[in-house]
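Report on the structure given below.
The values are calculated or read from the model by the stated rules, or taken from the named source; none is laboratory data. For clarity, every value in this text was computed on a predicted model and none was experimentally measured. Here Cβ is always computed from backbone atoms with ideal geometry, including for glycine, and neighbour counts include all displayed protein chains.
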């Protein structure tokens, strides 16, 4: 379950809604009915008498629910009480939600690979174990993808609200580096210090060298690694990478190369260190 809470009061967020009504919109992706009810209760203003409408968006289930939160003061007890009940979502808002979701999906699916310039990062090898290089690529994606321009022009909604409308755990961006290697980044939300910039993180295990072989990121994958390369230079690059990152201390890896037609096959295995 992922809960994305943005303390955002939206006035007439969807086209055709009552311009005089104040409504609260929240994303509670993958939440149970109980969790959605509790979330609606938490969103309504504290210690304020009256009725408040809270719309709960679930982009896992692709559903929109509406809750009416009633708050009142009980003088005999000297306490504020809150009651929450589910009420029907107006047809026009349910239809608009479905339309917006379909448009958002179309925008995400239309995004092409992001080309990373040489002055940012030159190869996927560099991001596997270097947090700084990973972040440099994430920053480049965030500031050059034009996500918000696409969404705000397509769906016609306030920019800051986009984060609640994106099914964040399934939005992946493929990046290609100058040497032809690739990796994938995942959308994780908004940058903490900038509500107008989306935040991306490297997807573990997604790095591929130019010939499509995965770049090992742990001992388990490195100890029985094998790949096919179109050039000896690319094969040697992988051998050097594994030797540099996975050999030393109690670890020792041996990689061998063999020719197979126009390909070079590299096979690596872990061997015991004598005396250890």
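Quick notes on this structure:
- Test: residue in region 36-43 that is within 25 Å of the chain's Cα centre (by Cα) and on the phi > 0 side of the Ramachandran plot: no
Residues checked against (1) out of contact with any strand residue (DSSP E or B) (no Cβ under 7 Å at 6 or more places or on another chain); (2) modelled with pLDDT under 80:
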| site | (1), (2) |
| --- | --- |
| 40 | no, no |
| 46 | yes, yes |
| 51 | no, no |
| 54 | no, no |
| 59 | no, yes |
| 63 | yes, no |
| 79 | yes, yes |
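- Against the criterion of being in a loop (DSSP other than H, G, I, E, B), farther than 20 Å from residue 129 by Cβ and at pLDDT 95 or above, residue 211 qualifies.
- Here residue 65 passes the criteria (1) in contact (Cβ under 8 Å) with a residue 12 or more places away in the chain; (2) farther than 16 Å from residue 26 by Cα; (3) part of a strand (DSSP E or B) except the one numbered (2).
- In region 183-206, the count of residues that are over 14 Å from the mean Cα position of the chain (by Cα), outside any strand (DSSP E or B), at pLDDT 85 or above and under 14 Å from residue 121 (Cβ atoms) is zero.
- The single condition among (1) buried (at least 18 other Cβ atoms within 10 Å of the Cβ); (2) at pLDDT 75 or above that residue 104 does not satisfy is (2).
- Residues of region 226-245 that are farther than 19 Å from residue 269 by Cβ and either within 32 Å of the chain's Cα centre (by Cα) or not in a helix (DSSP H, G or I) (or both): 230, 231, 234.
- Restricting attention to region 107-128, the residues that are in a loop (DSSP other than H, G, I, E, B) and at pLDDT below 95 add up to 3.
- Among residues of region 14-28, those that are surrounded by fewer than 18 Cβ atoms within 10 Å (Cβ to Cβ) and either within 28 Å of the chain's Cα centre (by Cα) or modelled with pLDDT of 85 or more (or both), counted: 1
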